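The values are calculated or read from the model by the stated rules, or taken from the named source; none is laboratory data. Keep in mind it's a predicted model, so treat the numbers as computed, not measured. Please note: Cβ atoms are built from the backbone with ideal geometry, for glycine as well, and neighbour counts cover all protein chains shown. Ligands, DNA and RNA are excluded from the accessible area calculation, which covers all protein heavy atoms including side chains. Shrake-Rupley method; radii C 1.70, N 1.55, O 1.52, S 1.80 Å.
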Amino acid sequence: MGHKSDKKLIVNGKRADGRELDQMRPIEMQIGLVNRANGSALVKFGDTHAIAAAYGPRELMPRHKQEADRGIIRTRYNMAPFSVDDRKAPGSDRRSTELSKVIRLALHPVVFVQDFPKATVDVYIEILQADGSTRVTGINAASLAMAAAGVPMTDLVTACSAGKIDGKLVSDLNGIEDNFGEADLGYAMIPSKNMVTLLQMDGALTKEELVTLLNMAKESCKKIYEMEMKVLKEKYEKALE
Amino acid sequence: MRERYAYELIQKGMRIDERKFDEFRKIKIRTDVSNKAEGSAHVTLGETQVIAGVKLKTGEPYPDTPNEGTLIVNAEFTPLASPDFESGPPGEDAVELARVVDRGLRESHCLDLEKLCITPKEKVWTVFVDLHMINHQGNLLDASALAAITALHNSQVPKIEEDTIIRGEYVSKLPVVFTPVNVTVGKIEDKFILDPLIEEENILDSKLSVSVRDDDKICALQKMGEQGINFDDLEKMFDMAIKKSKELRKLVK
């Protein structure tokens, strides 16, 4: 945030990529792709592509990490070295360590962990192509992958970003907007319960701006939720035929 | 045991140490606690203790900000601070704490980074803020953020002669222009509490860390904990944080 730049992010009321302020990028979702996993999904928000695979519930090793009365969830968020302009060194760094944690906590509330004591659900997210909003794209992929794996869940978790660029509040930031904007918000929720499970913001916003932005993010999540339900239904209705 | 007691008390509107829900423990701040540092602060929040030390080093600027100094925040959950901490590389909790404190400082633009440029495109000051946990009795995050901003306010820029830093001699104060303050709001069922004790922290459903600047703008948020937060509760949590931030900011000198 806050890099000084003369770059115009909004021209004549439209964003540099032609979008309206509250318009998300084209979204694509696909289930399957990783047949060794119990469930997997690929989600694209414009040029941001994330693939996720879910394994489990499976026995947690080493045994001393097992919980007697409930299962655990483990997540890994990772960016492919070729997913960004300047090659990213492979492996985890401070950013991916933090994101893996907040993504795990974003997914945790929907999972019936009591249903699989001593076991783990492992969810791996790989960012294949990054153009902003990678963590939320990854959460959508992870949630679909878990549903596809048949992990016992109350609902899906849907996620999106929002932010402030050139003084305006907008939905779904792309990479340039993320880098040169004034604020960015990462948001995930359980739509059926109106519960927020991921909330991160950096920038400088008044409380009023923040509340408006949260409402925009909530609206985006509703749309994403409908798309996710449609993709899951299509996949599994076909399978039943 | 203490957790169960803390939970039952909170249900009745009380806390183990008899505080109100929106009351912080007693805060004591000492500055210049480490004389080799460019600035330092020791924050005591009840029994919780954190030391922040600031060191400056010259380095190259980032290519996209050639005229600005840089800021790096690091946190050590030293094994002396809690039986639950182990030595070794920072775990995810330490990384998260450092990054949340970092974002509060960075996004508030509390440092005038352009004044930390020595030669554009070539040489700038890198400001390191190292957070050392000394005793973990809950709410390390708010204590750390308070220690960090206080240490920055009390830091000086070293003298340089022919590319060499003259240690122990200083030319100016570090250019700190804002005082962001972090307030974490804990949620347990329908109750909201500030500055949780460790026993309370262990029973919280979720937490929301809010970093607030002098002009009441919110400059960083981080939701923590295993449960979700109801959308309709968020605004109330922001209000609690903004209100308390004014009180905490008065302690930073």
Number of the exception - A:ASP47 against (1) surrounded by 15 or more Cβ atoms within 10 Å (Cβ to Cβ); (2) in contact with an Asp or Glu (Cβ under 9 Å, 6 or more places away or on another chain); (3) more than 10 Å from A:ALA119 (Cβ to Cβ): (1)
Matching residues in segment A:9-44 - criterion: being open to solvent by less than 50 Å² (accessible area, probe 1.4 Å) and aliphatic (A, V, I, L, M): A:LEU9, A:ILE10, A:LEU21, A:MET24, A:ILE27, A:MET29, A:ILE31, A:VAL34, A:ALA37, A:ALA41, A:LEU42, A:VAL43
Close pairs (6 angstrom Cβ cut-off, 6 or more residues apart or separate chains): farther than 15 Å from B:LEU204 by Cβ in segment B:6-26, in a loop (DSSP other than H, G, I, E, B) anywhere: B:PHE24/B:ASP195; B:ARG25/B:GLY46; B:ARG25/B:ASP195
Among the candidates A:LYS230, A:LYS223, residue that is exposed (fewer than 14 other Cβ atoms within 10 Å of the Cβ), more than 9 Å from chain B (Cβ to nearest Cβ) and assigned to a helix (DSSP H, G or I): A:LYS230
Strands (runs of 3 or more DSSP E) wholly inside segment B:182-241 that include at least 1 residues being polar (S, T, N, Q): B:206-212, B:218-224
For A:GLU177: the one exception among (1) crowded, with 24+ Cβ neighbours inside 10 Å; (2) closer than 23 Å to A:GLU228 by Cβ; (3) not hydrophobic (A, V, I, L, M, F, W, C): (2)
Matching entry among A:LEU210, A:LEU214, A:LEU173 (being of a type in the set (A, V, I, L, M), modelled with pLDDT of 95 or more and not in a helix (DSSP H, G or I)): A:LEU173
Scan of segment B:70-102 for residues that are more than 14 Å from chain A (Cβ to nearest Cβ) and in contact with a strand residue (DSSP E or B) (Cβ under 8 Å, 6 or more places away or on another chain), ordered by number: B:THR78, B:LEU80, B:ALA81, B:SER82, B:PHE85
Residues that are open to solvent by 50 Å² or more (accessible area, probe 1.4 Å) and assigned to a loop (DSSP other than H, G, I, E, B), drawn from segment B:143-163: B:GLU162, B:ASP163
Filtered residues of segment B:83-122 (kept if in a loop (DSSP other than H, G, I, E, B) and crowded, with 16+ Cβ neighbours inside 10 Å): B:PHE85, B:PRO90, B:SER108, B:HIS109, B:CYS110
Options A:ASP202, A:ASP122; residue that is assigned to a strand (DSSP E or B), in contact (Cβ under 8 Å) with a residue 12 or more places away in the chain, of a type in the set (Asp, Glu) and facing chain B (nearest Cβ under 10 Å): A:ASP202
Condition check for B:GLU247: at pLDDT 95 or above, over 19 Å from the mean Cα position of the chain (by Cα) and more than 9 Å from every other protein chain (Cβ to nearest Cβ): no
Search result, residues across segment B:194-228 that are open to solvent by less than 10 Å² (accessible area, probe 1.4 Å) and closer than 16 Å to B:ARG4 by Cβ: B:PRO196, B:GLU200
Extreme residue, surrounded by the most Cβ atoms within 10 Å (Cβ to Cβ), among residues of segment A:64-88 that are more than 30 Å from A:ASP131 (Cα to Cα) and of a type in the set (Asp, Glu): A:GLU67
Residue within segment A:135-148 that is more than 20 Å from A:LEU21 (Cβ to Cβ), among the charged types (D, E, K, R) and surrounded by fewer than 24 Cβ atoms within 10 Å (Cβ to Cβ) present: no
Test: A:ASP184 is open to solvent by 10 Å² or more (accessible area, probe 1.4 Å) and assigned to a loop (DSSP other than H, G, I, E, B): no
Set B:ILE134, B:ILE188, B:ILE166: member being of a type in the set (Val, Ile, Thr), modelled with pLDDT under 95 and open to solvent by less than 60 Å² (accessible area, probe 1.4 Å): B:ILE166
Options B:GLN227, B:GLN222: the member that is more than 23 Å from B:ALA148 (Cβ to Cβ) and either within 12 Å of chain A (Cβ to nearest Cβ) or hydroxyl-bearing (Ser, Thr, Tyr) (or both): B:GLN227
Members of segment B:44-76 found to be open to solvent by 40 Å² or more (accessible area, probe 1.4 Å), more than 17 Å from B:PHE128 (Cα to Cα) and under 14 Å from the mean Cα position of the chain (by Cα), listed by number: B:GLN49
Evaluation of A:LEU128 against (1) among the aliphatic types (A, V, I, L, M); (2) away from chain B (no Cβ under 14 Å); (3) crowded, with 22+ Cβ neighbours inside 10 Å (one fails), failing number: (3)
